[in-house]
Amino acid sequence: MLSGSQSVNGQLCGQKNAGKDKKDKSRYRITVMGAAGVGKSAIISQFLYDRFQEEYNQTVEELHQGDFDFNGMKLTLDILDTAGAYSFPAMRQLAISTSDAFVLVYSVADESSFQAVTELREQILKEKNSDDVPIVIVANKVDVGDSNRALERVTAESIVCVEWGNGYVEASAKDNVNIVGIFKEILRQSKVQYALSPAVRRRRQSTPAALPQKKKVQSRQTRTQRQSCS
Ligand SMILES: Nc1nc2c(ncn2[C@@H]2O[C@H](COP(=O)(O)OP(=O)(O)OP(=O)(O)O)[C@@H](O)[C@H]2O)c(=O)[nH]1
Ligand SMILES: [Mg+2]
């Protein structure tokens with residue numbers, strides 16, 4: 001049952017059992033899933049490295065790590081970037097079973113990518129054998145403008161927030177709109193007691209060397225980014 005919702009800067013988020021069962025662990029694993037080309041890697045790249053790449057490189061699987069320091073309290077986010085183009089059932093199953101929370105991305109310009117999110121969500125709930133899994137649905141590429149939207153915000157938002165009780169964030173990795181908001185919302189859904197502030201992102205710019213070279217098709221690898229936030 002949906003017990004609360006709020007609208008903050010382009011995001012409307014449902015949260016089940018708000019305030020209950022607070023998580024205080026210092027390491028958190030978030031898996032980012034969605035159809036090919038919707039902007040999963042672009043979102044992670046903006047969040048951790050303040051970069052947007054126009055060129056499209058298909059991901060196989062990539063693990064990123066962000067270390068956050070909140071007034072002396074440490075939080076490590078392991079962010080798993082998955083493949084939209086390839087279907088590796090065993091990898092997907094493992095990713096789901098080992099993750100605490102999920103960011104499911106679709107492109108507002110591609111209605112079929114919302115269907116992909118619907119199917120992924122069902123698979124996650126089935127694998128986790130629970131309907132109370134922290135999930136945030138991201139409507140990415142809002143910069144394409146209303147005339148290029150294939151799915152109206154009001155439609156998607158009501159499915160996600162009212163029917164599913166999950167978090168919903170409208171974002172643009174290209175224009176860096178609401179990217180921090182995605183991760184704030186997933187932590188909120190997960191009842192993790194941290195607040196990511198925009199200041200996090202400015203400080204992160206001082207460590208660009210942590211971003212390795214990209215290959216044309218990225219294979220499984222791990223990236224680490226340290227940042228502090230107050
Ligand atoms: N206009 C626009 N383009 C975007 C945005 N985010 C990503 N793109 C572009 O969309 C293409 C695909 O982005 P990726 O981040 O590689 O997509 P992906 O979901 O990781 O794709 P796979 O790794 O194949 O699953 C690239 O050309 C990006 O530049 C956005 O917010 N707006
Ligand atoms: Mg990718």
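So, A109, is that one within 17 Å of the chain's Cα centre (by Cα) and either in contact (Cβ under 8 Å) with a residue 12 or more places away in the chain or on the phi > 0 side of the Ramachandran plot (or both) or not?
no
For the stretch 39-62, what are the residues that are over 13 Å from the mean Cα position of the chain (by Cα), within 13 Å of ligand 2 (Cβ to nearest atom) and not in a loop (DSSP other than H, G, I, E, B)?
Across the stretch 39-62, the qualifying residues are T59, E61, E62.
Do you know which of the residues in the stretch 70-106 that are without any contact (Cβ under 8 Å) to a residue 40 or more places away in the chain and touching a helix residue (DSSP H, G or I) at 6+ places or on another chain (Cβ under 7 Å) is nearest to I135 (Cα to Cα)?
My answer is S97.
Output the number of the condition that K184 fails; it satisfies all remaining conditions of (1) surrounded by 13 or more Cβ atoms within 10 Å (Cβ to Cβ); (2) closer than 15 Å to L48 by Cβ; (3) touching a helix residue (DSSP H, G or I) at 6+ places or on another chain (Cβ under 9 Å); (4) at pLDDT below 95.
(3)
Being surrounded by fewer than 14 Cβ atoms within 10 Å (Cβ to Cβ) and either under 26 Å from E157 (Cβ atoms) or within 13 Å of ligand 1 (Cβ to nearest atom) (or both) narrows it down to one residue among F52, F114, F88, F47; which is it?
Only one candidate passes the filter, namely F88.
The values are calculated or read from the model by the stated rules, or taken from the named source; none is laboratory data. Bear in mind that the values here come from a model prediction, so they are computed numbers and not experimental data. We place every Cβ from the backbone using ideal geometry, glycine too, and count neighbours over all the protein chains shown.
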